[in-house]
Structure formats: C-alpha cells, structure tokens
1. Tell me what the chain gives for mean residue ellipticity at 222 nm when only DSSP H runs of n ≥ 4 count, each as -39,500 (n - 2.57), the sum divided by the residue total, rounded to 500 deg cm²/dmol.
2. Sum up the charges of everything whose Cβ sits under 11 Å from the Cβ of residue 137, counting Lys and Arg as +1 and Asp and Glu as -1, but leave residue 137 out.
3. Hey, any idea what % of the chain's accessible area is carbon plus sulfur with a 1.4 Å probe?
4. Going by a ≥ b ≥ c, the root eigenvalues of the Cα gyration tensor, does the range 21-62 fall in the rounded group (a/c under 1.5), the prolate group (a/b larger than b/c) or the oblate group?
5. For the chain, report the accessible area per residue in Å² (1.4 Å probe, heavy atoms, rounded to an integer).
6. Work out the FRET efficiency for residue 207 and residue 137 from their Cβ-Cβ distance, taking R0 = 51 Å, and round it to the nearest 0.05.
7. How much length is gained if the chain between residue 48 and residue 313 is pulled fully straight, taking 0.36 nm per residue apart and subtracting their Cα-Cα distance, in nm to one decimal?
8. Relative to the compact-globule scaling 2.2 N^0.38 Å, provide the ratio for the alpha-carbon radius of gyration of the range 1-147.
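The values are calculated or read from the model by the stated rules, or taken from the named source; none is laboratory data. Since the structure is predicted, the reported quantities are computational estimates derived from the model, not experimental observations. Here the Cβ positions follow ideal geometry from the backbone for every residue, glycine too, while neighbour counts run over all protein chains shown. Keep in mind that these areas ignore ligands, DNA and RNA; they rest on the heavy atoms of the full protein, side chains included. Shrake-Rupley method; radii C 1.70, N 1.55, O 1.52, S 1.80 Å.
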Amino acid sequence: MKITTFTDTMIRKLKPEDKKYIRGEGNGFTIRVMPSGVKTWLYVYAFDGKRREMNLGSYPDVSLETARSKFDEAKKKVKNGIDPLAEKELAADELRKAPTDADLCDEYIKKHAKKFKRSWQEDERILNKEVVPLWGKQKAADIKKRDVILLLETIVERGSPGMANNTFKIIRKMLNYAVEKDILDFSVAMGIKLPAPLNARERVLSQDEIKTLWSKLDSAAISDEIRKVIKLILVTAQRPGEVIGLHTKEIDGNWWTIPAERSKNGKSHRVYLSALALEIIFQAIAQIRQTRKMTVEQEYTGFIFPCPHKEKEKSVDRHAVSRAIAKNISWQLTDNKGKPLFDKDGKPV
C-alpha cells in the first residue's frame, strides 16, 4: 500500500483498476478504490491483536475533511481502549432491535391492556385504525410530541372530536407503559391536553320514544339476539356493555350482580330483575339451547348473548347494538349540539 498525504485533488484523480486497491497515509486512514470506481474511506487498525477495518463513508458523499474528522475521533477511542467498530456495530444492532410503533402497540395490547382493561378490544381497534397506519413503521423512540398533536388535530378536523379524545387517552396510556417498561426514556404525550372539550351528551329517550322503540323492535332488520339485548337495556336501565356481557354466573334468582371488573366505575353492584327482564333472559337461553341442540338434562352456563363463533368463549361485540341501531334509523342520530353520535359503520364518534 502506497503511503501519501491525502488531498482533494489526489482523491478525485484516483482511477479504478482491474482489482481493488488501497491508498493510505500510514496511520490507518485509508481509501479503497473498487474496479467499479466506488471509493470508500476506511480506518484500518488493530484491537486486541486483531485487524479491524471501519467504514467511514463513501467519497464524494463523505468529503476528505469529514472522513478525516471521523478517523481522528475513532483513533482517540482506540487509544483509550475502546473499539470504535464494535461500538458502531452495537449501536446499529440496538437500532435494528428498537421497537417500531406497531411493535409497541402490539406489546401494549398483549401485556397491559388485555390484563388490566375491560375495554382492551376498543383500545386495539382504535390503535389499528388511527395510529398504526400512520406511525406503524416508525421507531417508537422517533415519535415526537408534534406527531401526536398533528394526529389528534387530523381526527378533530374530520369531525370526530370524541374519537380524538379517546385516541389521545390510549396513546398516553401506551406511552406511559413504554416508559414504565424502559422501552422509552420519556413520554412525548406529557404536557399535551385533550384535543377537544369534553361535552356530555345529555340525550335521553322520552316515555313516548321508548314506547315507539319497543314497538318497532320486532319488525327491525336486526338479529333476534341484539333485539333482546336492546330490550334488556330498556328494562334494566343498565349500560349496553354490561348487558351484552351478562353471564349466567352473575344471576341469582331475581338479582343480577355486575362484578367490579365489568362495571364502569369499578365497583360491584346489584340489579333487580323484573319478571319481564327474566323472561327476556330465559328466552335468550332457550334460543342458545336450541341452536346448540342441548338436551333437557343439560344445564346451560355461559354468556346470555354469546359470540356466534362457538370456539370463542366471549359475548357479542360491544358495538353490536350501536351498529344495529345506526343501520335501522332513517335519520342521523345527533347529540344536543347537532353532532353525529355514530359514524357510517355505526360506531360511536
């Protein structure tokens, strides 16, 4: 290898040959020229008795001045007992292993939401709809506060302020989880306020509206199962999610005990079941027994409104009622400010 002092003119005039060759300054700072004409800056050194070759970049993208600066920095590390190439490889490996936002969303659902949130499926739905398509391929550590703000503003601007608030709450919870598990050093959601004001939707059905709804249910284009769910909601005055998740183990005579883990306020409470409520429940169970071809001797235990897929031990989807209602009305349901309550798919906005 010829030894010389590099200049811009000299490097520029190096011509490719039949075989690759190297030029150096005698201190490990070298440039390799390939038959293709590609010129690459290298730092050639020995560490722990082994020859090492560190790529400093390609010329002319990396200038002589920049390459020399990289070389000087790497050389100082070697003198201080640090292998710069090993350090670079470790950093690259850590970057490859760093989770993407899609990875973080998946871990949050599997390791946190499923364990601690009754509404984990809603978290998963919102993340897959609003977050993953936009950020999925980005490294989680590269997400900035501005990214969060722009995402939420986009949702608000399309006319879904409620969804923007819900999305932000889930993002904030997910980022806090990432900090707790040492995936991220800090949460970029800190200091961000809810993107839209919290407006309570104080819309209740009048007595006449309830009568009309009840009378129209039997002729509505919805499944018999969802028809019973809606009737039981009206009879018990309980939340749709609590009624949909009703299980035989929660019923004792005329009393229905909603466990704390299924209650919105996190507290167990009892609901008295009237004769009409029990009739609806017994009809639902009879329908299940008939569908599953159970004998008289067999006792049914399980969800009163089970998922149609027998292999899945869970209730019907929590949005089934809102979707059924949205698809059977002749006008758009709105709150007291005229804003739509449901999107085109029947899901709350």
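1. On the way: 13 runs with 141 residues, N = 349.
Only helices count here, giving -12000 deg cm²/dmol.
2. On the way: positive: 139; negative: 101, 103, 142.
Net charge around residue 137: -2.
3. Details: 11150 of 21530 Å².
Summing carbon and sulfur atoms, their accessible area is 52 percent of the total for the chain.
4. Taking the square roots of the gyration eigenvalues as a ≥ b ≥ c, the range 21-62 is prolate.
5. Numbers: 21530 Å² over 349 residues.
On a per-residue basis, 62 Å².
6. Numbers: r = 54 Å, r/R0 = 1.05.
For residue 207 and residue 137, the calculated efficiency is 0.40.
7. Working: separation 265, 0.36 × 265 = 95.40 nm, distance 6.03 nm.
Result: 89.4 nm gained on full extension.
8. Working: Rg = 23.2 Å, N = 147, 2.2 N^0.38 = 14.7 Å.
That works out to 1.59 for the range 1-147.
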